[in-house]
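Below: the structure, in structure tokens.
The values are calculated or read from the model by the stated rules, or taken from the named source; none is laboratory data. These figures come from a predicted structure and were not determined experimentally. Please note: Cβ atoms are built from the backbone with ideal geometry, for glycine as well, and neighbour counts cover all protein chains shown. Quick note on the areas: whole protein, heavy atoms, side chains included, nothing else; ligands and nucleic acids left out. Shrake-Rupley method; radii C 1.70, N 1.55, O 1.52, S 1.80 Å.
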Amino acid sequence: MTQDDRVKLEASWKAALHEEFEQPYMKELGAFLRREKAAGKVIYPPGPLIFNALNSTPLEQVRVVILGQDPYHGPGQAHGLCFSVQPGVAPPPSLQNIFKELKRDLNLAIPRHGYLQHWADQGVLMLNTSLTVEQGAAGSHAKMGWQRLTDRIIEVVSEQRPNVVFMLWGAHAQSKAKLIDPTKHLLLKSVHPSPLSAHRGFIGNGHFSRANQFLKQQGLVPIGWELPAEV
């Protein structure tokens, strides 16, 4: 994978990451993905949506970062934004718990869909730490190089943006805290919203109201967390 027409990347991210895309590990990752597809394996999300998180939220607009782990690995779900599913797809359990906390924290009605593009459009970088996955095989691409790229993305946000809220849910996301300057940014940590852990501290963490309070204190526009009724 090289920094050419095969990688459709928003201009500010292209400028920040162009050297990373020329690294050997990214070329190896691109070759791996091409081999997997040639072997008939189904990869999510679809190719044009692999970098959707970056293309939806330009670097200079990032105000909040939500870190996921893997794209969803079921048909029709993943579209390159962590925790989000495509229109018409029922919200998975972790996303249902995110909505429960939004209702508890901000008294927002629970949406009928799980399409979170509205957040990305407002400056919420919705980044998975692996950007692809094989159908039905969670974690299958976790050691193929994506983590190195997404670590660099987190570092770039920490270095180049002021006053960003990082929401680190679960041990995996919290392991990225070392990449973030805590003197510049707000780090919010809790357990993951998955059904296995949500009721041990995710429900009740208040992250959405705390994020908006921090943004307002910095003179920034808060995030409108309420999703449109229809998509």
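One table, with the values for the structure above:
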{"quantity": "Check: region 103-155 dipole with +1 on Lys, Arg Cβ and -1 on Asp, Glu Cβ, in debye", "calculated": "140"}
{"quantity": "Share of carbon and sulfur in the accessible heavy-atom surface of the chain [1.4 Å probe, %]", "calculated": "53"}
{"quantity": "Relative contact order %, region 28-174, counting alpha carbon pairs below 8 Å whose residues are six or more apart", "calculated": "33"}
{"quantity": "Loop GluC sites (Glu not before Pro), region 159-231, which have at most 16 other Cβ atoms in a 10 Å radius of their Cβ (DSSP)", "calculated": "E226, E230"}
{"quantity": "Sparse-neighbour loop sites [trypsin sites (Lys or Arg not before Pro); region 72-160; at most 13 other C-beta within 10 Å; DSSP]", "calculated": "R112, K143"}
{"quantity": "Cα-centre dipole for region 98-231 with unit charges at Cβ (Lys and Arg positive, Asp and Glu negative), debye to 20", "calculated": "360"}
{"quantity": "Where only C-alpha atoms are counted, convex hull volume of the chain per residue in Å³", "calculated": "117"}
{"quantity": "Chain lengthening between H199 and A171 when straightened (0.36 nm per residue, less Cα-Cα)", "calculated": "8.5 nm"}
{"quantity": "Across K14/K103; K37/K178; K100/K178; K27/K176, pairs whose alpha-carbon gap is larger than 31 Å", "calculated": "K14/K103; K37/K178"}
{"quantity": "Rounded accessible area per residue of the chain, 1.4 Å, Å²", "calculated": "44"}
